[in-house]
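Colleague: There's a structure below that I have some questions on.
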Amino acid sequence: MSIFSELKSKLIDGGASHLGFADLANVNLSEEFSYPSGISIAVALRPEVLAGIIDNPTVDYEAEYELVNAKLDELSYMGEKFLKEAGYKAKAIPATTRTYDPVELSAPYQHKTTAIHAGLGWIGKLDILVTEQYGSGVRFATILTDLPPEEEDLKPIAASKCGACTSCADACPADASKRLNWETGMKREELVDIKACNKSIIERVKLLGIKHSICGICIVSCPWTRRYIDANIDSGR
Ligand code: B12
């Protein structure tokens with residue numbers, strides 16, 4: 001059993017929904033983050049909470065946002081410790097950083113970079129990562145490491161499966177989508193007017209008394225997320 005497989009079962013037992021291995025050797029990351037490999041940790045949001053988001057974020061969603069971030073942080077530090085004890089370098093990148101650049105609306109490291117290169121999913125028409133199993137109803141953390149890739153753990157970068165669908169773009173309160181299909185290497189600004197998204201989020205959470213920059217409309221309007229919600233709500237999961 002590869003070290004990664006051991007780590008995967010340990011973190012899945014710990015509450016992760018999915019894990020992927022990213023070969024970052026040819027990805028030119030800045031010095032601070034330049035590791036040859038990355039582990040993408042995914043935790044899905046509970047379908048019943050997502051089902052409650054109709055045209056605005058809810059208090060339940062805010063609680064789930066905090067719960068899932070805490071779980072992701074716990075898993076990323078657990079994984080960092082495991083890899084270091086196995087003799088490898090490892091650096092946990094927690095789920096969300098309060099300290100992102102409020103002007104550029106970007107953090108020092110992007111979890112989507114790891115998730116994309118781990119083949120966990122593709123980028124949708126509003127620049128959020130969509131998976132086949134949970135749609136975009138999933139949040140991420142990352143562990144950067146020098147654990148070498150094992151062939152069996154590697155998956156190719158996924159191509160967009162959005163096709164002609166514009167459900168998220170049509171539902172977006174900020175009309176922020178440029179309605180293009182993502183291809184690897186595309187810049188965020190080619191896909192989304194992120195400042196319009198951010199402005200709309202800030203205005204609405206202030207009105208709703210929600211303390212985090214959250215929305216979720218692009219998540220729940222995605223047919224892949226709907227499939228995840230509908231498949232799990234009926235069975236009373
Ligand atoms: C700043 C931030 C915001 C900003 C800007 C969002 C944005 N799209 O950039 C605001 C406040 C607007 C925001 C809003 C939301 N956010 Co936010 N946000 C972040 C944060 C902290 C940093 C993102 C960042 O640096 N963006 C800069 C751009 C350029 O990068 P990016 O688009 O995220 O990723 C690109 C790179 O990975 C690039 N790429 C791929 N390979 C390579 C290789 C190299 C070398 C490079 C340089 C780049 C690169 O391709 C990606 C696509 O463009 C991340 C956490 C993190 N550290 O990643 C969460 C994160 C992106 N947010 C998330 C979510 C869910 C949301 C919201 C839905 C709100 C909510 N929680 O309800 C909305 C969705 C808005 C949207 N359409 O994206 C999730 C996304 C999960 C997913 N399924 O994709 C994240 C990953 C948090 C998490 N831990 O899961 N957010």
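Colleague: Select from region 81-94 the residues that are open to solvent by 40 Å² or more (accessible area, probe 1.4 Å) and assigned to a helix (DSSP H, G or I) and list them in ascending order.
Modeller: Of the residues in region 81-94, the ones open to solvent by 40 Å² or more (accessible area, probe 1.4 Å) are 81, 84-89, 91.
Of everything in region 81-94, those that are open to solvent by 40 Å² or more (accessible area, probe 1.4 Å) and assigned to a helix (DSSP H, G or I) turn out to be LYS81, LYS84, GLU85.
Colleague: Here is a follow-up. Of everything in region 165-194, what is basic (Lys, Arg) and near the ligand (Cβ under 8 Å from one of its atoms)? Give them in sequence order.
Modeller: Of all residues in region 165-194, those basic (Lys, Arg) come to 178-179, 187-188.
Matches in region 165-194: LYS187, ARG188.
Results for (1) under 20 Å from the mean Cα position of the chain (by Cα); (2) within 25 Å of ASP230 (Cβ to Cβ), shown as yes or no for each residue.
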| residue | (1), (2) |
| --- | --- |
| GLN133 | yes, yes |
| THR142 | yes, no |
| LEU147 | no, no |
| GLU151 | no, no |
| ASP175 | no, no |
| TRP182 | yes, yes |
| MET186 | yes, no |
| LEU191 | yes, no |
| LYS199 | no, no |
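Colleague: Also, quick follow-up: Failed condition for LEU72, given (1) within 14 Å of LEU7 (Cβ to Cβ); (2) within 10 Å of the ligand (Cβ to nearest atom), with all others met?
Modeller: The single condition LEU72 does not satisfy is (1).
Colleague: While we're here: Could you tell me whether any residue of region 180-198 is polar (S, T, N, Q), over 19 Å from ALA42 (Cα atoms), assigned to a loop (DSSP other than H, G, I, E, B) and out of contact with any Lys or Arg (no Cβ under 6 Å at 6 or more places or on another chain)? Steps first, please.
Modeller: In the first step, residues of region 180-198 are kept if they are polar (S, T, N, Q); the result is 181, 184, 198.
With the extra rule that they be over 19 Å from ALA42 (Cα atoms), the set shrinks to 181, 184, 198.
If we keep only those that are assigned to a loop (DSSP other than H, G, I, E, B) as well, we get 181, 184.
Going one step further and asking which of them are out of contact with any Lys or Arg (no Cβ under 6 Å at 6 or more places or on another chain), we end up with 181, 184.
Looking for residues that are polar (S, T, N, Q), over 19 Å from ALA42 (Cα atoms), assigned to a loop (DSSP other than H, G, I, E, B) and out of contact with any Lys or Arg (no Cβ under 6 Å at 6 or more places or on another chain), one finds at least one in region 180-198, hence yes.
Colleague: Name the residues in region 201-225 that are surrounded by fewer than 18 Cβ atoms within 10 Å (Cβ to Cβ) and not in a loop (DSSP other than H, G, I, E, B), would you?
Modeller: Of everything in region 201-225, those that are surrounded by fewer than 18 Cβ atoms within 10 Å (Cβ to Cβ) and not in a loop (DSSP other than H, G, I, E, B) turn out to be ILE202, GLU203, LYS206, LEU207, LEU208, PRO223.
Colleague: Being farther than 13 Å from THR114 by Cβ, touching a strand residue (DSSP E or B) at 6+ places or on another chain (Cβ under 7 Å) and β-branched (Val, Ile, Thr) narrows it down to one residue among VAL59, VAL43; which is it?
Modeller: The match here is VAL43.
Colleague: Could you grab me the full set of residues in region 124-144 that are of a type outside the set (S, T, N, Q), in contact with a helix residue (DSSP H, G or I) (Cβ under 8 Å, 6 or more places away or on another chain), near the ligand (Cβ under 8 Å from one of its atoms) and outside any loop (DSSP other than H, G, I, E, B)?
Modeller: Hits for region 124-144 are LEU129, VAL130, ARG139, PHE140, ALA141.
Colleague: ASP60 fails exactly one of the following numbered conditions: (1) buried (at least 17 other Cβ atoms within 10 Å of the Cβ); (2) part of a helix (DSSP H, G or I). What is the number of that condition?
Modeller: (1)
Colleague: Every residue in region 1-51 that is crowded, with 17+ Cβ neighbours inside 10 Å, of a type outside the set (A, V, I, L, M) and not in a strand (DSSP E or B), please.
Modeller: Once the filter is applied, which keeps residues that are crowded, with 17+ Cβ neighbours inside 10 Å, of a type outside the set (A, V, I, L, M) and not in a strand (DSSP E or B), region 1-51 yields PHE4, LYS8, SER17, PHE33, TYR35, PRO36, ARG46, PRO47.
Colleague: If GLU152 passes every condition in (1) part of a loop (DSSP other than H, G, I, E, B); (2) modelled with pLDDT under 95 but one, which one does it miss?
Modeller: Result: GLU152 passes all but (1).
Matching residues to (1) more than 19 Å from GLU152 (Cα to Cα); (2) touching a strand residue (DSSP E or B) at 6+ places or on another chain (Cβ under 8 Å); (3) within 12 Å of the ligand (Cβ to nearest atom):
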{"residue": "ALA16", "(1), (2), (3)": "yes, yes, no"}
{"residue": "PHE21", "(1), (2), (3)": "no, yes, no"}
{"residue": "PHE33", "(1), (2), (3)": "yes, yes, yes"}
{"residue": "VAL49", "(1), (2), (3)": "yes, no, yes"}
{"residue": "ILE53", "(1), (2), (3)": "yes, no, yes"}
{"residue": "LEU67", "(1), (2), (3)": "yes, no, no"}
{"residue": "PRO102", "(1), (2), (3)": "yes, no, yes"}
{"residue": "GLN110", "(1), (2), (3)": "yes, no, yes"}
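Colleague: For residues that are among the aliphatic types (A, V, I, L, M), in a loop (DSSP other than H, G, I, E, B) and touching a residue at least 12 places away in the same chain (Cβ under 8 Å), tally how many sit in region 96-123. Working first, answer last.
Modeller: Step one: list which residues in region 96-123 are among the aliphatic types (A, V, I, L, M), which gives 103, 105, 107, 115-116, 118, 120, 123.
After this cut, where a residue has to be in a loop (DSSP other than H, G, I, E, B) as well, the list is 103, 105, 107, 118, 120.
When the remaining residues are screened for being touching a residue at least 12 places away in the same chain (Cβ under 8 Å), the result is 105, 118, 120.
Here the count works out to 3.
The values are calculated or read from the model by the stated rules, or taken from the named source; none is laboratory data. Source: prediction; values computed, not measured. Methodologically, a virtual Cβ is constructed for each residue, glycine included, from the backbone with ideal geometry; neighbour enumeration extends over all protein chains shown. Heads up: the accessible areas ignore ligands, DNA and RNA and are worked out on the full protein's heavy atoms, side chains in. Shrake-Rupley method; radii C 1.70, N 1.55, O 1.52, S 1.80 Å.
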